[in-house]
Structure formats: C-alpha cells, structure tokens
Amino acid sequence: MRIGVDVGGTNTDAVLIDGRHVVASTKRPTSADVSAGVTAAISDLLGEAGIAARAIGAVMIGTTHFTNALVERRRLDRVGIIRLASPSGEALPPLTGWPETLARQIEGATFLLRGGYEVDGREISPLDEAGLRTAAQACRDEGITSIAVSCAFAPVNAAMEERAAMLIADAHPAARVSLSHSVGRLGLIERENGTIINAALATLAVQVVSSLGEALAALGISAPLYISQNDGTLISAAEAARYPVMTIGSGPTNSMRGAAFLTGVDNGIVMDVGGTTCDIGVLANGFPRESSIAVDIGGVRTNFRMPDILAIGLGGGTRIRLGAGDDDFVIGPDSVGYQITEDSYLFGGATLTASDIAVAAGKAAFGDAARLPDLAPSLRDAIVARIQTMLADGIDRMKTASGDATIIAVGGGHFLIEDDIKGAARVVRPEHAAVANAVGAAIAQVGAQAERIVDYDAEPRPLALERMREMLLARAVAAGATKDSVEIVDMDEVFLSYLPGRSAQIRMKAVGDLAEDASLANAAFTETRHAH
C-alpha cells in the first residue's frame, strides 16, 4: 500500500492506494507550516481507511516548498558560484539576466576559472586545481556553505565537475556542492542558472526533507519516503535534499500522471483546475510533454527537465471583481487560495469567487447557495462565458495539431470546465478527479535520463544507442526500479551539422516500477553517488 501526497498552494491532497485501487482520499487546506498539513492529511487517510501505519510500503510526496521559497525570495542561501570555462567562457558573467533583487540576495562570491570542454569533448584549457582550492577556502572564510559548479559542456564530459567537487570537499568539508551536469542540459548559462538555484535551496532542502521524515515517524510510518520529480518520476528523499530544483515542477506533473492512470488515456490534454490556477499540459504516451525551450523559474532562464505547462490565473478561489454593467467585471488572476472556506460567499465570506459563480450557475453544488449575492442572470452567464473562453484559449495554445483533442478535467475546481468547451473532442472526468495530483504521486515510477553527443563515424549508431540503453537500465535499477519493468519511454536524436562527421545529440529516458525493496537499492545508490 502506498500513500501519495501533493501539496498545492490551496489544498494538500492525499490518497491511499492498494495496487491499482484507490482505498481512501482526503483534501485538506494547505497550512502555513506545510509539514503540519501533510501530517494532518495522512492521519485522516489512515483513520478513514482503518489502516495501521505499519501496513504502508512507501510514501510519495510532491511539495511546493522550493517553488514558494524561490518565488517569495525567502530562506535562500548565499551561493559561491564557480564557472569552469575560462578563458573563452567569460563573455556573459554568472547571474546575467537575473532579477536584480534575487541576484543580490543569492550571490556570495563568483569565480571564473580555467577549464571546460568544447562541444566535441576537447579541453578548452586544463582544470585550474589551485584556483579551485583558493575559491573553496574563500567561501569557507566568508561562511558560504552552498557552492554551484558549472563546467562548459559538462553533460558531454563530467570529469572536471566531479574533480572539482572532490577538491572543494577537501578544502571546505562543510560545503554542499551542486554540479551542473546533474541538473541541466547542454547550454552553459541556463544550466548554470539551474545549478545556482539548486545551491540556493540547499539548506532549505535538508530542513524540508528532514521535517517530512520526522512527520512520518511521528505517525508511526517507517516506510521509505520518495519525492516527486519534475518529469513524473521519483527520487529518494536523500537525492531530493541534494537536488531540490528537480522537484520544482512536480505538482502539475503529478496531476498529469494521475489523470493518465485514472482514465487510461495516454495522449490528450490535461486541465488541472486547482484553487489558484489552471495548469494545462499535454500527455504523450502517458507522460507529460517536456518543455523544449528554456523554462522561466522565478524570473530566471533554466534548461533542466520541466513539463511543458501553461498556467492560467483561474481556479476555484479566483477573485471576481464586479463593475457597473454586465460586461464590466474582472476575473483574477489573484485568488483567495486556502482561505476560500472563510472568504467565499458560499462559506459566509464577502469575496466573490469563481466557485460562487459555478454554484450560482448550477455547475457545482457545495457550500451554502443561500449565501450567494443576488446576481443578474445576464451577468452570471457573461462571467461563465468568459471563464470558458479563457480555458478554451489555453487549450488552443497547448495543441500541436489541428482538430479537437481529448480533455481530461481534474483538480478540485474541474467543475469550471464545461463538457462542450471549444476545442474538446470529449471531456473526461475520472473518479477521484479532485485528487488526481496525489494519485499521480502515489503511482509514480522510478526514472533515469541521459544526454550524449556521439560521433557515429567513431561509434556505430546501434552500438551507441544500446550502450545508452544499458546505462539507463543500470541507473533505474540502482535508483530502486525492478529490472524487468524498466523500459525506454522517450528518445530524441538531433544531428549536429556544425560538427565534423555524423555527430548527433541523443537524449533518452527510461522508467520502471518501484521495487518492494527499493529502500535498500536507494540507499546504495545514494551512497555510491556521494562517494563518487
């Protein structure tokens, strides 16, 4: 039996799953102390199902802790930034294009050192080991414990970054080091940005993972804890503590995986309407379509794995401000969030929300309809029509082909989506749609990804692909997947005309089911990575 939890801006959702059967579910308002909300939700689940804590085999959590910290500019570390790309990689200094307030808050010290590789794997210059030791000592003397290391073309060859980590650990044992090849793809600036963000979240990540573990222990749950990643797969709690940036987009991803699981639809558009936003994404072969362009996180361009999501400021708690006439009103983008049970008219408040309109129009039934303000039918219908237009525009922006698409409506506010919405061939509303995000966390699989540039003249294509497949299989198994269940679910191959010979950039992804003894495999995998 597994427990899946998804912490959103408005609600904390949790489900208990036995095999492929949802045994129990709950939706609780997200608390200011997120860990307390998680504890309350899991406690509700166990009580409702009458299940003992010892019966739980694993707990999967998707959290907004790290996204909120970045957006709200709080609890971020000062970062020692080390770039290995000189002399050629100095044209754009680190933190270029960052919001000034965020850059000023995060930057501790910056070092541009010799090192790095060309796109074909040749060295730009030898690694500056003496400079690395000096940089580490300077960070130690200034009390900087979070360090981000980025090397030109590290995804092609990670040797310099790994050597740098060893040198830093020797000179500054208390430092937490983030290496760019574990965070992003090719593209130095965006990958470096993601690595710096990861380092800025280092202390918070340790505290969050520790507090979640303590919450489970207080409930008597000894099962291993996993955290949802941006790509819909799982990592161990220990890995999440090292690379929190890989979990920032897990909320929408969980919803999409849950939608695919609950409906059996592997290709379509998922619309997850929460209390604050509507997240729209595309399912391709049961997994979220990943963004192929730089992703903006807190105003910073990054290129780590993120789902291609369009977020609209429209949810169940979205504020609606009325003017003088039937066409004079504003919908959102702000929301009452988790205070909807206090502020909305349906619950005795005095703020008009999208939920109030939906109940008034007969689209939903909850709260106390007698408390709703007396709205003219024409005004009510105009607001409903504009909500549908906003949602239909979102569908249109995410479609990659002409024609109508299958729409899967999930989330606590899915009642805002009408069955005949423009652009939909059909609208599917699965059972447990309101907690699809928690279902997605509970059924998540273990994954592994890799990216290489290969010269097919030097290494035949079939051999190169097979070696990459075997490497991913080993990684997935080491991370806790059962060997027989691992399969390649995605592969991109782009030929690089600017390199001599027949060179191609290969990106491959494998996933597998979590093994029952995955906690042991995960521990071994984590220890191996740390030692390496």
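Structure summary
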{"quantity": "Verdict on residue 493 being touching a strand residue (DSSP E or B) at 6+ places or on another chain (Cβ under 9 Å), at pLDDT 85 or above and part of a strand (DSSP E or B)", "calculated": "yes"}
{"quantity": "Residue among 427, 410, 439, 384 that alone is in contact with a Phe, Trp or Tyr (Cβ under 9 Å, 6 or more places away or on another chain) and among the β-branched types (Val, Ile, Thr)", "calculated": "439"}
{"quantity": "Residue match in region 208-216 (condition: farther than 19 Å from residue 12 by Cβ and either assigned to a helix (DSSP H, G or I) or open to solvent by 10 Å² or more (accessible area, probe 1.4 Å) (or both))", "calculated": "no"}
{"quantity": "Selected residue (only one of 483, 509 is basic (Lys, Arg), within 24 Å of residue 228 (Cβ to Cβ) and open to solvent by less than 30 Å² (accessible area, probe 1.4 Å))", "calculated": "509"}
{"quantity": "Scope region 351-366; condition within 21 Å of residue 277 (Cα to Cα) and either open to solvent by 50 Å² or more (accessible area, probe 1.4 Å) or among the hydrophobic types (A, V, I, L, M, F, W, C) (or both); matching residues", "calculated": "352, 354, 357, 358, 359, 360, 361, 363, 364, 365, 366"}
{"quantity": "Pairs where the first residue, in region 346-358, is in contact (Cβ under 8 Å) with a residue 12 or more places away in the chain and the second is assigned to a helix (DSSP H, G or I) and among the hydroxyl-bearing types (Ser, Thr, Tyr), C-beta under 8 Å, 6+ apart", "calculated": "346/355; 347/341; 351/345; 352/345; 353/345; 356/345"}
{"quantity": "Residues of region 185-201 classified as open to solvent by 10 Å² or more (accessible area, probe 1.4 Å) and among the small types (Gly, Ala, Ser), total", "calculated": "1"}
{"quantity": "Filtered residue count, region 21-52, keeping only those that are closer than 18 Å to residue 226 by Cβ and open to solvent by 20 Å² or more (accessible area, probe 1.4 Å)", "calculated": "1"}
{"quantity": "Test: residue 140 is free of Cβ contacts under 8 Å to residues at least 24 places away in the same chain and in a helix (DSSP H, G or I)", "calculated": "no"}
{"quantity": "Residues within region 9-20 that are open to solvent by 20 Å² or more (accessible area, probe 1.4 Å) and either outside any strand (DSSP E or B) or aliphatic (A, V, I, L, M) (or both), tallied", "calculated": "3"}
{"quantity": "Strands (runs of 3 or more DSSP E) contained entirely in region 58-130, each with at least 1 residues that are of a type outside the set (A, V, I, L, M, F, W, C) and in contact (Cβ under 8 Å) with a residue 40 or more places away in the chain", "calculated": "58-62, 79-86"}
{"quantity": "Checklist (1) open to solvent by 10 Å² or more (accessible area, probe 1.4 Å); (2) over 22 Å from residue 25 (Cβ atoms); (3) touching a residue at least 40 places away in the same chain (Cβ under 8 Å) applied to residue 426, failing item", "calculated": "(3)"}
{"quantity": "Scope region 306-365; condition among the basic types (Lys, Arg) and in contact with a Ser or Thr (Cβ under 8 Å, 6 or more places away or on another chain); matching residues", "calculated": "319"}
{"quantity": "Test: residue in region 170-181 that is among the polar types (S, T, N, Q), assigned to a loop (DSSP other than H, G, I, E, B), touching a strand residue (DSSP E or B) at 6+ places or on another chain (Cβ under 9 Å) and open to solvent by less than 10 Å² (accessible area, probe 1.4 Å)", "calculated": "no"}
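The values are calculated or read from the model by the stated rules, or taken from the named source; none is laboratory data. Treat the numbers as computed from the prediction; the structure is a model and nothing was measured. A quick note on method: Cβ atoms are made from the backbone with ideal geometry, for glycine too, and the neighbour counts reach across all protein chains shown. What goes into the accessible areas is simple: the full protein's heavy atoms, side chains included, and nothing from ligands, DNA or RNA. Shrake-Rupley method; radii C 1.70, N 1.55, O 1.52, S 1.80 Å.
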